[in-house]
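The values are calculated or read from the model by the stated rules, or taken from the named source; none is laboratory data. Owing to the predicted nature of the structure, the values given are computational and were not obtained by experimental measurement. Backbone-built Cβ (ideal geometry, glycine too); neighbour counts: all protein chains shown. Accessible surface areas use protein heavy atoms only, side chains included; no ligands, DNA or RNA. Shrake-Rupley method; radii C 1.70, N 1.55, O 1.52, S 1.80 Å.
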Amino acid sequence: MNGTAANDPRSGDFAAPLGSLASGRLRFVRGVPNVIIHADPSTSDLYRSRFEGAVPEVWTEGGVVNIRYPRYFHPFGRRGRTGKIALNAAIPWHIEVRDGASKLTADLSQLKLGSFEVSGGASKVELTLPRVSGLVPVRVLGGASNVAIHRPEGVATRVRVVGGSTNLTFDDQHFGAVGSEVNLQSPNYDGTPERYDITITGGASNLAIDTR
């Protein structure tokens, strides 16, 4: 499928048909503020979304859902702007955020996740991960502050934090202030094909990675 989404900027509602697509990619081109993402097992669309306040530009190209806020917008500095995005749960998704994420809640527990990446830093982000099939990378590049990452119990995980950390929790391990690189992994990581590989660069403050 190619073309544009069924856009209505006046109401803030956007959607696109699934068609014959076998996978999807959600891409935030200029940051993401005050947004909730979740999987919808009941929808027959590729995705559905609703935005209030500043309505971004939204379009699809070959299964890639692009969301672009105005150039003057900064994800860490604006209030009164919210968005809700429902992704089709029947296909695997890759999620990419450029230029930072602030107040992002992503409940992906019912999603087939291929990868998740934020560049430009993350602040006040809560990410709930699904069970995996294969190795799934999770990247936060440019620093993380007040970030919580939850995964299903028993899912193998490796965590690498580059640039120092303050108040880092990984399952039952807690670290106060660490000035060097931190490498941690769950006991079942080696030899397990279904696992998460989490990398944080640019330092981390109040980062928690646990099971739920």
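Go through segment 186-209 and report how many residues are under 16 Å from the mean Cα position of the chain (by Cα), among the charged types (D, E, K, R) and surrounded by fewer than 16 Cβ atoms within 10 Å (Cβ to Cβ). Explain how you work it out, then say what you get.
Just the residues of segment 186-209 that are under 16 Å from the mean Cα position of the chain (by Cα), to begin with: 196-201, 207-209.
Of the ones still in play, those that are also among the charged types (D, E, K, R) are 197.
Next, only the ones that are surrounded by fewer than 16 Cβ atoms within 10 Å (Cβ to Cβ) stay: none.
Matching residues across segment 186-209 total 0.
Name every residue in segment 2-36 that is of a type in the set (A, V, I, L, M, F, W, C) and modelled with pLDDT under 90, in order of residue number.
Filtering segment 2-36 for residues of a type in the set (A, V, I, L, M, F, W, C) gives 5-6, 14-16, 18, 21-22, 26, 28-29, 32, 35-36.
Within segment 2-36, A5, A6 qualify.
Looking at E117 and the list (1) out of contact with any His (no Cβ under 9 Å at 6 or more places or on another chain); (2) surrounded by fewer than 18 Cβ atoms within 10 Å (Cβ to Cβ); (3) part of a strand (DSSP E or B), which single condition is not satisfied?
Against the list (1) out of contact with any His (no Cβ under 9 Å at 6 or more places or on another chain); (2) surrounded by fewer than 18 Cβ atoms within 10 Å (Cβ to Cβ); (3) part of a strand (DSSP E or B), E117 comes up short only on (1).
Quick check on my filter: what residues within segment 39-52 are within 14 Å of L111 (Cα to Cα) and surrounded by fewer than 18 Cβ atoms within 10 Å (Cβ to Cβ)? So that I can check it myself, show each step before the final result.
Step one: filter segment 39-52 for residues within 14 Å of L111 (Cα to Cα), giving 39-43, 46-47.
Residues satisfying the conditions are D40, P41, S42, T43.
List, please: which pairs have Cβ atoms under 8 Å, are six or more places apart or on different chains, and start with a residue in segment 154-179 that is under 19 Å from V138 (Cβ atoms) and end with one that is exposed (fewer than 14 other Cβ atoms within 10 Å of the Cβ) and among the small types (G, A, S)?
That search, which allows pairs on different chains as well, returns S165/A177.
Looking at I36 and the list (1) open to solvent by 30 Å² or more (accessible area, probe 1.4 Å); (2) part of a strand (DSSP E or B); (3) among the aliphatic types (A, V, I, L, M); (4) under 23 Å from R195 (Cα atoms), which single condition is not satisfied?
With (1) open to solvent by 30 Å² or more (accessible area, probe 1.4 Å); (2) part of a strand (DSSP E or B); (3) among the aliphatic types (A, V, I, L, M); (4) under 23 Å from R195 (Cα atoms) applied to I36, the lone miss is (4).
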